[in-house]
1. Sort the following peptides by mean Cβ neighbour count (other Cβ atoms within 10 Å, averaged over residues), highest first: 194-201, 347-354.
2. If each of Thr241 and Glu359 carries a label point 7 Å out from its Cα toward its Cβ, how far apart are those two points in nm?
3. What number results when the radius of gyration of the range 82-313, computed over Cα atoms, is divided by 2.2 N^0.38 Å?
4. Taking loop as defined by DSSP and a crowding limit of 12 other beta carbons within 10 Å, which trypsin sites (Lys or Arg not before Pro) in the range 96-193 fit?
5. Would you list the P(r) distribution for the range 206-364, with all Cα-Cα distances sorted into 10 Å bins from 0 and each bin expressed as a whole %?
6. HN-Hα J couplings of the range 108-114 from phi, Karplus 6.51/-1.76/1.60, θ = phi - 60°, integer Hz, Gly and Pro as x?
7. Can you pull the one-decimal nm distance between simple spin-label points at Asn129 and Lys155, each 7 Å off the Cα toward Cβ?
8. Hey, could you grab the Kirkwood Rh for the range 70-209? Inverse mean 1/r over distinct alpha carbon pairs, Å, one decimal.
Amino acid sequence: MPPHPTPLPLSSSASYSKDDKSKRPKPYPSSFAARRLPLSLPLLLLLSAACLLVGAAAIALSAAALRRPPRTVTVFRCGRAEDALRTFRSAAGDAAAARPKVLGFVGVQTGFGSADRRNALRSTWFPPNPDGLVSLEHATGLAFRFVIGRTKHRKKMAELQKEVDMYHDFMFTDVEEEYLKLPQKTLAFFKAAFDLFDAEYYVKADDDIYLRPDRLATLLAKDRSHRMTYIGCMKKGPVITDPKMKWYESSGQLIGNEYFLHAYGPIYALSADVVAALAIARNDSLRMFNNEDVTIGSWMLAMNVYHEDNRAICDPTCTPTSIAVWDIPKCSGLCNPVEKMKELHNNTMCSKSPTLPPEEEADE
């Protein structure tokens, strides 16, 4: 019969008795513990110090980030209005005045579906990049921006943002972009432009006209005796009361049979005092007609401005004196702007003729 297997020993705590003191495991000598302590304490102190340094650095970086001024333009009275070029230059570290002084601010009105027009302008008379915008401003005293409102359509806004990030040549206005709200957009434009630029004149232009910036600057720089001035290609005409027609005016009964004198819509200019009055006006205090040019004209009548008629800003062909060229009266702008813009720019008379006619240069 095989012997019974020897049972496994129990743990020392279970088998301990006073008689087994000699069998207890001996503790580490005190000298061993004393030797380990000096090695562990410096290491712990070193790790603690490192953690404190990392934490202090993180706090310092966070505080610095909080103190760092924002890299965007602050707009005070125009809600979400913003100058994209100023934002871009500020982000790049360039100093940008809060309200730079210029001879004229030219807002080229555009829409979400007009990318082809904007590209045509950038390839002709409108500067193609931020440096070009700054150079033109220095040369003529005119600041140029494309002016556009907002939309809740995310895809349209995302597409436009790509263009903004590439060219930085937009000014956003705090208004919903909609063709039927052009009078509201124009008022929002003048308010935003006045808030962002200290200009002697504010010019509203459309994105389907050919423009000579140098000649526009010459026009605006002339001495005038009237501080309240409205410069444009002036017109009158019958009030359209047929809802089926393009220029229908739903408030025609307030006007009568014929429109009062007012400028064609593709381009006109208002002096600083006129725009200052518009800038402080409540939006609901100004009457809005269906047509933007008529709306502006009605405000000008109420403000007792001087109407300066200049046919050089509504020239159908390029001449030695033309400032703005468009297909008047056939279209309110160029009829085929993308193609016609490049065609005009390739015409030496349009793009390369002197700023002033030879006889005027001789008189100078």
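Each reported figure results from applying straightforward, stated rules to the coordinates on display, with no laboratory input. Quantities reported herein were computed from a predicted structural model and do not represent experimental measurements. Ideal geometry is used to build each Cβ from the backbone, glycine not excepted, and the neighbour counts take in all protein chains shown.
1. 194-201, 347-354
2. 4.6 nm
3. Rg over 2.2 N^0.38 Å, computed on Cα atoms: 1.01.
4. Loop-located and lightly packed - Lys152.
5. With 10 Å bins starting at 0, P(r) equals 10, 34, 33, 19, 4, 0.
6. 8, 5, 9, x, 5, x, 10
7. 3.2 nm
8. 15.1 Å
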